[in-house]
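No lab work stands behind these numbers, since they all come straight from the coordinates. Note that the coordinates shown come from a computational prediction; the quantities given were computed from them, not determined experimentally. Because the Cβ atoms are built from the backbone with ideal geometry, glycine has one as well, and the counts that use them run over all protein chains shown.
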Amino acid sequence: MNGRGMNLGSYSPSAVYDRRIKTLGLRLKRLKKRGTALGIIKLVLILGALLALFQVFFQNPTISLGLFGLALVLFTTGVVIHESLIRMAKRLKALNQLNENERKFLNHEFPLAAPFGEEFQNPDHPYTADLDIFGKKSLFQYVNRAVTPLGRRCLAGWLQSQADPDEVKGRQQAVLELSPRIDLRQSIASHGIFIEDAWSKLDSIYEFFAEPFFLLDKKWLPIFLWIWPLLTLGAAALIIIKIHPAVFGSMVLSQLALNGLFSKRIEHLHGQTSQNWKLMKACSRLIADIEAENFAAEKLMELKNRLTADEKKASECIRHFSRLLEWFDARKGMLHILFNNILLWDLHCVYRLEKWRKQTAGHVPQWFNAIGEFEALSGLAALRFNYPQWAMPEIRENSFRLEAQNLGHPLIPEKERVCSSFELGENGGEAAAGSLAVVTGPNMAGKSTFLKAIGLNTVLAFAGAPVCAERWVISPVKLMTSMKTSDSLDRHMSLFYAELQRLKMILDGISRREPVFFLIDEMLKGTNVLDRQKGSVALLKQMMRGGANGIVATHDLELTKLGKAAEWENFGSPSAQEIPVANYHFDGHLEGDKLLFDFRLKPGVCVSHNALLLMKRIGIDVQDSSDLLSRLETE
C-alpha cells in the first residue's frame, strides 16, 4: 500500500466543510419557510373545522359535517407532514454541527461536546496515560467521531492495543475507502446524535436479553391471549343489546386479576426497556445506511455481511423490535388501564418481545459490534480526509525497523509543529539484539514531545489510521512507556518505586518474549546521580540482551557512550555490533537572557551547556563552576 498521502491540490478539507455548511444552511432556510407556510395552513384548517362544526348545528348539517371531516383529515395530514419537516430540520442541524466540528478539529480546537474517553483512563496501562491517549485534548478526543458507546468502546480498544499486520492492512483499506464518503459517515453519525443521552441505556437492553422467559414457554398462552380479550369485547357488545353488564364486569375483573399476578414481573421488564424504542429506531436507521452501500474493502464487506439474521436484514429486525418496545411503552399512557384490562395489552407485548428475543436477540451483539467497528473506522477515515498528506503506515515484519520521514506530533497544530526524520533498527536480516536510541538535550528542547510523537504515531499506525509523517515504516511491536511517573499518596507509592514498577512492566514483557518497543523519559529520576547511572546502564543492557527496541530521553551524557564497544565491555556486555546504539539530540542557543530552541532532532550527542550560562546571567552564584563557565563562554 502506498504510504504517500493524496495530492494536496486535489481538495481542501476546510473548503469542503465550508461548502457543506453553506448548502445545509440553505436547505434549513427552505425547510423553515415550508414549515411556516404549513403552520398557516394548519391554522386555517382548524378555523375551517370549527366553522363547519358550528354550521352542523345551525345551518346545513349534512354538508357541514362533510366539510368538518374533510378539514379534520387535512389537518391531520398537515400535522404528519409538519412532524416530518421538524425531524428533517433536526437532522440537517445535526449534519451542520458535524461539519462545524470538523472545521474546529482542523484548527486543533476541541468541540465542547466531543467525548474525551475519561471512562477508559487507566494509569496502569502500558502507555495510554503517558501518551495522553484519553482525557481532555487527547488523541481519542481528536480521532473519535462515534456517537454511540459501541463506537467509542471499539475505538478505545484499538488505541489500547496493537493489531496484527493483516488486521491493520484490512482497516487501512477500509479507511481509504470511507475517507471520501463523507455523506455516508455523517449520515450514520446524525442518526444517533439526537439521542446521545439515551445511549446510556444500551446496557439495559443486554440485561433484558438475559432475562428468563416467563410467558413464551406456556404453549396455551397465545390462544388465551386472543380468546380472553375477544370474550371481553363480546361481553361489552352484549351490553349494547341490553344484556346484563355483569358478564362484562366479570371478564374485566378476571383480566385485572391476571395482570395483577404478573404486575411485578412486567414492571421490571418495562423498567429495562422504557424509552429504548427510540434507541432501537436510531440503530435501525444507522444499520440501514450501511446495508444500502456497496463496498470494495474486505473489512467493510465483512461488517456489512454481519448485518443479517436468517436472510433477514438487521435493520428490519431492529425496526420491528423498536415497534414492539414502543407499544410496550404505551403502558405509561392515560388509556393504559382501559386497554390493559380489556385487551391484556401488557401480556401481549411481553409475549411478542419474548418471541422476538428467542428468534433474533442472539444476533444483536454481532450487529452492535459491527456498528461499533464502523464508527471507529469512520473516525480514522475522517482523520485521513482531514490530513491527506499524512502517510498510511507500512507494517514490515521480520527484524525490527522504525523509519519516519518528517515525523510530527499529531496533536500539535500544523503551523506550530516541527517535524523531524528518524530511523532505528535493522534495514534487513535478523538483529542479534535490540536497537537503542539515546536522545539528549536541555529541558524544553523537545525530547518529551518527540517521544510522544513516536508513541502516538505508533498507536495510530496499529489502529489502522494514517500517521503524522510523510513516510512511516514500523515492525509489529508491543508498545510500553515510562514517561510521566509520579508518586501516589493513595497507593503509598514513592516516585522512585512508581518508576520501578513501570520499568518492571517492560522487563516482564521482554521476559515473555514479546516484541517490546519502549519509550523512557529520564530513567530512574527518583534517585541519586551515581545510582541512576549504574542502574540505567544495567537496565538498558538487560533490555537490549532481551531483544527489546526503544528510545531513551535523558540529560545523562554517560548513556550516550553506550554505543562504544569499550563502554559495553566495562559492563560485561556484547559488542557494539551486537547492540546498535544511536545518539540523537535537541539543543538551543542563548540570545541575551533567553534560551531559544528550534525543536529539531539532530544526530549525535548534545554538546551545548546553556543551563549554567543562563543561570549566571539571571544572577545565580555559580563561582564553584567558574573554570567550567569561562571555558564554556570561550567556546
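What is the gain in length, in nm to one decimal, between Ser399 and Arg181 on full extension, counting 0.36 nm per residue of separation less the C-alpha to C-alpha distance?
Between Ser399 and Arg181, full extension yields an extra 74.8 nm.
So for the pair Asn528, Thr23, with labels modelled 7 Å out along Cα→Cβ, what separation do we get in nm?
In this crude spin-label approximation the distance works out to 7.1 nm.
Suppose R0 equals 35 Å. What FRET efficiency, 1/(1 + (r/R0)^6) with r the Cβ-Cβ distance, do Ile337 and Asn305 give to the nearest 0.05?
In this case the efficiency is close to 0.15.
Please report His191, His82 as a ranked list, fewest other C-beta atoms within 10 angstrom at the top and most at the bottom.
His82, His191
Show me 254-262, 548-556, 460-468 ranked by packing, highest mean number of other Cβ atoms within 10 Å first.
Ranked from most to least packed, the peptides come out as 460-468, 548-556, 254-262.
With each pseudo-label sitting 7 Å past Cα toward Cβ, what's the Phe209-Lys90 distance in nm, one decimal?
2.6
Hey, with R₀ at 30 Å, roughly what FRET efficiency would Lys104 and Leu31 work out to, going by the Cβ-Cβ distance, to 0.05?
0.75
Report the label-to-label distance for Glu423 and Ala15 in nanometres (one decimal), using points 7 Å from each Cα along the Cα→Cβ vector.
Between Glu423 and Ala15, the label points sit 3.8 nm apart.
Using the number of other C-beta atoms within 10 angstrom as an exposure proxy, rank Val473, Val147 with the fewest first.
Val473, Val147
Zone of Lys415 (label point 7 Å along Cα→Cβ, backbone N under 15 Å): which residues in segment 366-407?
So the set is empty, nothing qualifies.
Counting other beta carbons within 10 Å of each Cβ, put Leu286, Leu530, Leu47, Leu347 in order, fewest first.
If I rank by nearby Cβ atoms, fewest first, I get Leu530, Leu47, Leu347, Leu286.
Per-residue HN-Hα couplings for segment 105-113, Karplus 6.51 cos²θ - 1.76 cosθ + 1.60 at θ = phi - 60°, whole Hz, x for Gly and Pro?
Each residue's phi maps through the Karplus curve to give 4, 4, 8, 6, 9, 10, x, 4, 7 Hz.
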